[in-house]
Amino acid sequence: MMLRPFCAAAGAKAPSLLLRQQKRSVCATSFRLANAATDVWSFSDTAITMTKIVCTLGPSTDTAENVSALVSNGMDVARLNFSHAGSDYSYPEANVALVRGAAGRHADLAAGSTRPMPHNVRAILVDTKGPEIRTGPLQGGADVQELGVGSVVEVTNEDVSNDDAPSSPEGPHRLNIDYQSIAKTLHVGSQILLDDGLIALEVTHVEHDGVTCVALNAGPIKKNKGVNLPDAELDLPALTDKDKRDLKWSCEAGADFVAASFIRTGGNVRSVKAYLDRCVAEMAPPEDGSPPRIRPLVISKIESKEGVENFDEVLAESDGIMVARGDLGVEIPFRKVFAAQKMMVEKCNAAGKPVIVATQMLDSMQRNPRPTRAEVTDVGTAVLDGADAVMLSGETAAGTYPIESVQAMRMIVKEADNIIDGSASLNRVNTNESLVDVSNLKEDQCLHAVAKSSVKSARDLDAKLILVITKSGKVARFVASHRPTVPVLAFCTDVQVARRLQLHRGIMPVMLQSDLDPTAQGTRMATLRAEAMRTAVELGFARAGDRVITVDRTVGKQTDMHHHSYNMKMSTLKAA
């Protein structure tokens, strides 16, 4: 990925296309300072960004007013965190209803539409708890237990709540954790990290039912806190019983994405996908005649050394990746986190699969109305490196300034979006093999060629938009895999497909206002292209005189010599 050169003073008249192309080679090392006067693309809705924003819902944002504010300020995907959720699903159900009911862009389309339209196509992401290891009840049933440096700690699976509480920070200490294979997994010299690494224990002796450790630093131990075993290959299932209940609910609630926690191998991903497929297969067909339910897409969370080491096989099986830097920064040395992040983002870009960079991106805004300079740089760098989406966690779930957080994220993302140049991606010799269907190799190779050409043509011709007409979302995903620098309006016939495109950088899903099936033989694609252009103008994405590029797939007629064709057309919009 390269940065777009900028050679003219702010506010100067835009140079001709030929002159701009000549200046690219002269000013290739200059950075463009993005501002309203020099934006290459700008819309009436300033909330639009090429890079997507994921917001976590929680006590700070679980009202209709706040969810609507998140939507209007740039939230593309709403995350529901199931780490601390129980078996009562009334709270996440209420949040799903808030997101689905928030008035978005499609609410404006509904007034002039001849068919039912959703209020918005914001997606829902369910983040599972996963097979975590946590501390159990403490000695004497205490809430907190102080630990001294050098004190001896027996770590066991046994219930220690009936033991006497330690008389001093020096002990004696016994600590319960809910991992049954601790003696098989650890060895002398292994470390146990408690509460996001705040307390470090080193194993000095291994017994059949537990380990003995020495405390490397002092601090409080609390119950139900996370336990990390860095450098250890864990004996944990891909799905816990709680995960299975939550995944079943996700399918019933119509979730669009599932973020699977602590994914370590490709086999873990296959297990999650297979379970989701079974849940969907058991569901009754919709009674209202709407399209059948489709499986939520699986976003694998990489938060362990094993996940990083097996990243290639995990990526091959996943629909997308989340770089979960919280636990990852405990499981691997913190100095290696940024390199692991860049590696994962680069490989996801090459595979054409969406990648979310998450955790502590604007963490200080849980308490302060403005981000730190380091946080701004962190977000901007993630976008420039190629992240499809950036995520807010506690900032919008439990922070004091949730709306200000998404506003700040949007401004940073827009600034970074405006200096991204897609030429490096277009020059990459790459067929995004992971998107290609081996059983349909020739067709998919043709689609890649057309998709890449549309992105390059949009850049060379200074087109305003790429319009894609798609039933399954495949054409839009292929176009997005070549990292376009202008928005891709993906016109869909199924709202489920539209929402599942929300994590791809640059794709703006829109419901197609037509009852025609784009994949049916005999459908006049010219009619659908005209409707797509009409909707793009109605939404304020384009106006008369703008160049747009359309990409679609047409089915051949019986008299044709082909079964189907992929088409790219370049048009200049005329006044209505």
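The distance between label points at Ala374 and Ala339 comes to 2.0 nm (points 7 Å beyond Cα on the Cα→Cβ vector).
Remark: the range 179-187, residue by residue, has Karplus-estimated 3J(HN,Hα) of 10, 6, 9, 4, 5, 7, 8, 9, 9 Hz, where x stands for each Gly or Pro and the curve is 6.51 cos²θ - 1.76 cosθ + 1.60 at θ = phi - 60°. Between Ala64 and Glu170, residue separation times 0.36 nm minus the direct Cα-Cα distance comes to 33.1 nm. The 1.4 Å probe gives accessible areas that order Glu154, Glu313, Glu282, largest first, as Glu282, Glu313, Glu154.
Can you tell me how the range 285-394 classifies by the Cα gyration tensor, rounded, prolate or oblate, using a/c under 1.5 as the rounded cut? Since a/c reaches 1.5 but b/c is at least a/b, the shape of the range 285-394 is classed as oblate. By definition, a body whose alpha carbon gyration tensor gives a ≥ b ≥ c is oblate when a/c is 1.5 or more and a/b is not larger than b/c, and the range 493-538 fits this oblate description.
Positive contributions from Lys and Arg (+1) and negative ones from Asp and Glu (-1), summed over other residues with Cβ under 12 Å from the Cβ of Ser318, come out at +1. Near Ala389, once Lys and Arg are set to +1 and Asp and Glu to -1 for all other residues with Cβ below 9 Å from its Cβ, the sum equals 0.
Against the chain, whose longest principal axis is taken from its Cα atoms, helix 241-253 shows a tilt of about 20°. Using a cut-off of 20 Å between Cα atoms, the listed pairs Lys244/Lys471; Lys301/Lys474; Lys273/Lys442; Lys301/Lys342; Lys273/Lys353 include Lys244/Lys471; Lys301/Lys474; Lys273/Lys442 as exceeding that distance. Charge tally around Val144: other residues with Cβ under 14 Å, Lys/Arg +1 each, Asp/Glu -1 each, net 0. Computed over the chain, relative contact order equals 14 percent, with contacts defined as Cα pairs under 8 Å that lie 6+ residues apart.
Normalised by the number of residues in the range 535-576, what is the relative contact order in percent for Cα pairs under 8 Å and 6+ residues apart?
44 percent
Take the alpha-carbon centre of the range 536-576, take the same for the range 192-245, and report the distance between them in whole Å. A separation of 57 Å, based on Cα centres.
In terms of the mean number of neighbouring beta-carbon atoms within 10 Å, the peptides 95-104, 536-545 order highest first as 95-104, 536-545.
Each peptide among 80-91, 256-267 gets the average number of other Cβ atoms lying within 10 Å of its residues, and from highest to lowest they stand as 256-267, 80-91.
Axis of helix 17-26 versus longest Cα principal axis of the chain: the two differ by about 40°, to the nearest ten degrees. Cross-link partners among lysines for Lys223, C-alpha distance below 18 Å, same-chain residues fewer than 8 apart left out? Candidates past the 8-residue exclusion: Lys129. When only alpha carbons are used to place a centre, the range 356-427 and the range 448-482 end up 26 Å from one another. Could you check what % of the DSSP bridge pairs in the range 205-336 are antiparallel, to the nearest 5? The antiparallel proportion sits near 25 percent.
Suppose all protein chains stay in the model; what accessible area per residue would a 1.4 Å probe give for the chain, in Å²? Write out the running numbers ahead of the final one.
Values: 24970 Å² over 576 residues.
Computed with neighbouring chains in place, this is 43 Å² per residue.
The values are calculated or read from the model by the stated rules, or taken from the named source; none is laboratory data. This is a predicted model, so every value here is computed, not measured. Using ideal geometry, Cβ is built from the backbone for each residue, glycine included, and neighbour counts are taken over all protein chains shown. For the accessible areas, the whole protein counts, side chains as well, though only heavy atoms, and no ligand, DNA or RNA atoms are used. Shrake-Rupley method; radii C 1.70, N 1.55, O 1.52, S 1.80 Å.
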